[in-house]
Every structure is written in structure tokens, then in C-alpha cells.
1. What number of residues within the range 19-40 are surrounded by fewer than 14 Cβ atoms within 10 Å (Cβ to Cβ) and over 11 Å from the mean Cα position of the chain (by Cα)?
2. Restricting the search to the range 11-56, which residues are modelled with pLDDT under 95 and part of a helix (DSSP H, G or I)?
């Protein structure tokens, strides 16, 4: 959750970061929390990250 929130904030989406964090912390399960995170960012493994480019749902990739 921290990485996703930080990624959103770094891309000018502070309101979305706050909203996402609130939704995740009030979710009822780990699976629900992962689904919420997936609404905001593309979840990938460290191996899939070849550089510091992170994809934000509905946004542009730097």
C-alpha cells in the first residue's frame, strides 16, 4: 500500500492516494485490499520492473 500511495503522490494524485489508503485500511480482507490497490495502480513483481517507470491506472507512464 505504501509503494502504491507514494507512486500516486509522485504523479500528482494525492487525493487518490489518500482515498486508496483509506479504502485499503478499511477493507475486510487481504484479497479485497489487493483488488482495491489494483484499481489505482498496476500490480507487478520487482522482476517485472525494468526501470523506475510505474504505470498508474488511467494515467500516463513516465
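The values are calculated or read from the model by the stated rules, or taken from the named source; none is laboratory data. Keep in mind it's a predicted model, so treat the numbers as computed, not measured. When we count neighbours, we look across all protein chains shown, and the Cβ atoms used for this are built from the backbone with ideal geometry, even at glycine.
1. So the answer is 8.
2. 46, 47, 48 - these are the residues of the range 11-56 that are modelled with pLDDT under 95 and part of a helix (DSSP H, G or I).
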